[in-house]
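First the structure, in the form of structure tokens, and then the observations on it.
None of the figures in this text is laboratory data; all of them are computed from the coordinates on show. No experiment lies behind these values; they were computed from the predicted model shown. Cβ placement follows ideal geometry from the backbone for every residue including glycine, while neighbour counts extend to all protein chains displayed.
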Amino acid sequence: MTIRTGQYVIPAMHAVEGAGFHVRRPFPTPNLPMVDPFLLLDHMGPQEHEPGRAEGAPDHPHRGFETVSYILEGAFEHEDSVGNSGRIGPGAVQWMTAGSGVVHSEMPATEIRTDGGTLHGFQVWVNLPAAAKMIPPKYQDVLARDIPEVVTDGGRVTVRVIAGDFEGTVAAARTHTPIAYWHVRLDAVGSFRGGLPAEWNAMVYVIRGEVAVGEATAREADLVLLAPDGDEVAVGAGGDAAEVLVLAGLPIREPVARYGPFVMNTREEIIEAFEDYQAGRMGAIVR
């Protein structure tokens, strides 16, 4: 197998989302609009919220892609206009396929909004191909206990398989777009290697610590884009414990028209999405 080289190191930018929660965002930015098939990567927190001050993303629409929320600390609650609801805590995932259109809400758990607490996690947006953009909305609530873990490098590395598979261990979540989503924890001398199809786009985001990715060195909140020059990703800890996300996927290679919460293939489809939402055709959350 051939190890991919780290092509670019991109520091995350600060952004404010929803009703006011702060994120670190390596993309989309003016210099990196997407990493096909991924549309967005937001690192939420870690942020300590005072009682009554925790903000989230109240009722808002989506069409044409999937949102994947992965929680490291704290808890979030989900509701949507097709009647789904769920709560995820540390280590769990909410996978919402917007498809033809849905209104959903992602808010810090009730006790955090009331009493305060720490929130830390990620949201990834995954594009859908044109043939799947208008499928019925779907929701997957994947609890922490259902996310498989693989221990490698003599116990020095732990891999949580959130999507796709790793060394034959298959994730519980089901995806429309072929992707891999791994949370990799390395001890101070840990070394990780994982095979990926050569035709997939791939990247490594540093959650904490310092790592070597190919020949590139990256630190907390850096994104390393991998060159399409191999079929394996390699990450080594830089002398202290570290954590990274590895994201990779088969490029869809279709036109992308996006505006706010809608991601389609043409401007006309974006206009239609706004009209459908304003006319109530994406429904409303009933409480």
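How long is the gain from residue 266 to residue 114 if the chain were fully straight, where each residue apart is worth 0.36 nm and the alpha carbon distance is subtracted?
Working: separation 152, 0.36 × 152 = 54.72 nm, distance 4.24 nm.
Full-extension gain reported as 50.5 nm.
Using modelled amide H (1.01 Å from N, peptide plane; none on Pro or chain starts), what sits under 5 Å from the amide H of residue 40, excluding residues fewer than 5 places away?
Under 5 Å from the amide H of residue 40 lie the amide H atoms of 125, each far enough along the sequence or on another chain.
Sort largest first and round to whole Å: the equivalent ellipsoid semi-axes of segment 158-287, each the square root of five times a Cα gyration tensor eigenvalue.
Numbers: eigenvalues 244, 56, 46 Å².
Equivalent ellipsoid of segment 158-287: 35, 17, 15 Å, largest first.
How do 151, 157, 235 rank when sorted from fewest to most other Cβ atoms within 10 Å of their own Cβ?
Numbers: 151 11, 157 21, 235 24.
So the ranking, lowest neighbour count to highest, is 151, 157, 235.
Would you mind checking which residues have amide H under 5 Å from residue 57's amide H? H placed 1.01 Å from N; only 5 or more apart, or other chain.
Result for residue 57 returns 19, 106, 107.
Using DSSP to call loops (not H, G, I, E or B), can you name the trypsin sites (Lys or Arg not before Pro) in segment 6-70 whose Cβ has at most 16 other Cβ atoms within 10 angstrom? Before the final figure, lay out each step's value.
Details: sites: 24, 53, 63; in loops: 53.
In loop regions of segment 6-70 (DSSP not H, G, I, E or B), the sparsely surrounded trypsin sites (Lys or Arg not before Pro) are 53.
Under the rule of -39500 (n - 2.57) per DSSP H run of 4 or more residues, summed and divided by the residues of the chain, what mean residue ellipticity at 222 nm is obtained, to the nearest 500 deg cm²/dmol?
Working: 2 runs with 18 residues, N = 287.
Counting only the DSSP helices, I get -2000 deg cm²/dmol.
Mind computing the radius of gyration and Dmax over the alpha-carbon atoms of the chain? Å is fine for both.
Answer for the chain, Rg first and Dmax second: 18.4, 57 Å.
Would you be so kind as to identify which of 266, 279, 252 lies farthest towards the positive end of the dipole of segment 226-287, taking Lys and Arg as +1 and Asp and Glu as -1 on Cβ and the Cα centre as origin?
Value computed over the given set: 279.
At what distance in nm do the modelled label points of residue 135 and residue 82 sit from each other, each positioned 7 Å from its Cα along Cα→Cβ?
1.0 nm
Treat every Asp and Glu Cβ in the chain as -1 and every Lys and Arg Cβ as +1, leave all other atoms uncharged, and give the resulting dipole magnitude about the Cα centre to the nearest 20 debye. List each step's numbers first, then the result.
Values: 22 positive and 38 negative charges, 48 e Å.
Rounded to the nearest 20 debye, it is 240 debye.
I need the calculated FRET efficiency for the pair residue 167 and residue 284, taking r as the beta carbon distance and R₀ as 51 Å, to the nearest 0.05.
Working: r = 44 Å, r/R0 = 0.86.
FRET efficiency, residue 167 to residue 284: 0.70.
Got a sec? How would 14, 183 order by Cβ neighbour count within 10 Å, fewest to most? Spell out each step's value before the answer.
On the way: 14 9, 183 20.
In order of increasing Cβ crowding within 10 Å: 14, 183.
Using the Karplus curve 6.51 cos²θ - 1.76 cosθ + 1.60 with θ = phi - 60°, work out ³J(HN,Hα) for each residue of segment 6-12 in order, rounded to whole Hz, and write x for Gly and Pro.
x, 7, 9, 10, 10, x, 5
Can you list the trypsin sites (Lys or Arg not before Pro) in segment 125-224 that are in a DSSP coil and have 12 or fewer other beta carbons within 10 angstrom?
Numbers: sites: 133, 138, 145, 156, 160, 174, 185, 193, 208, 219; in loops: 133, 156, 174.
Those satisfying the criteria are 174.
Could you let me know the centre-to-centre spacing of segment 241-279 and segment 119-147, using Cα atoms, in angstrom?
13 Å
Nearest 10 degrees, 0 to 90: what angle lies between the long axis of helix 267-278 and the longest principal axis of the chain (Cα atoms)?
50 degrees
With a cut-off of 12 Å, note down the residues of segment 1-31 whose backbone N falls inside the zone around a label point 7 Å from the Cα of residue 227 toward its beta carbon.
Residues passing the 12 Å test: 3-8.
Amide H to amide H under 5 Å from residue 257: which residues, 5+ apart in sequence or cross-chain, H placed 1.01 Å off N in plane?
Amide H neighbours of residue 257: 264, 265, 266.
Among 241, 159, 230, pick out the residue whose Cα is farthest towards the positive end of the charge dipole of the chain, where Lys and Arg carry +1 and Asp and Glu carry -1 on C-beta, about the Cα centre.
So the residue we want is 230.
Go through segment 240-252 residue by residue and turn each phi into a ³J(HN,Hα) via Karplus (6.51, -1.76, 1.60, θ = phi - 60°); whole Hz please, and just put x for glycine and proline.
So the J values, rounded to whole Hz, are 10, 4, 8, 9, 9, 9, 10, 10, 8, x, 6, x, 7.
With a cap of 11 neighbouring Cβ atoms within 10 Å, and only residues DSSP puts in a loop, list the GluC sites (Glu not before Pro) found in segment 240-287. Don't skip to the answer; put the middle values down first.
Values: sites: 243, 268, 269, 272, 275; in loops: none.
Of the GluC sites (Glu not before Pro), not one in the loops of segment 240-287 has a Cβ with at most 11 other Cβ atoms within 10 Å.
Quick check on the exposure proxy: order 270, 3 from fewest to most C-beta atoms within 10 angstrom. Each step should come with its number before you reach the end.
Details: 270 19, 3 16.
Least to most surrounded, the residues fall as 3, 270.
Calculate, for residue 253 and residue 210, the FRET efficiency according to 1/(1 + (r/R0)^6) with r their C-beta to C-beta distance and R0 22 Å; round to the nearest 0.05. Intermediate values should be presented prior to the final figure.
Numbers: r = 34 Å, r/R0 = 1.54.
So the FRET efficiency works out to roughly 0.05.
Show me, for segment 232-238, the HN-Hα J-couplings you get by feeding each phi into the Karplus relation (A = 6.51, B = -1.76, C = 1.60, θ = phi - 60°), rounded to Hz, glycine and proline as x.
Whole-Hz 3J(HN,Hα) from phi for segment 232-238: 8, 10, 10, 9, x, 5, x.
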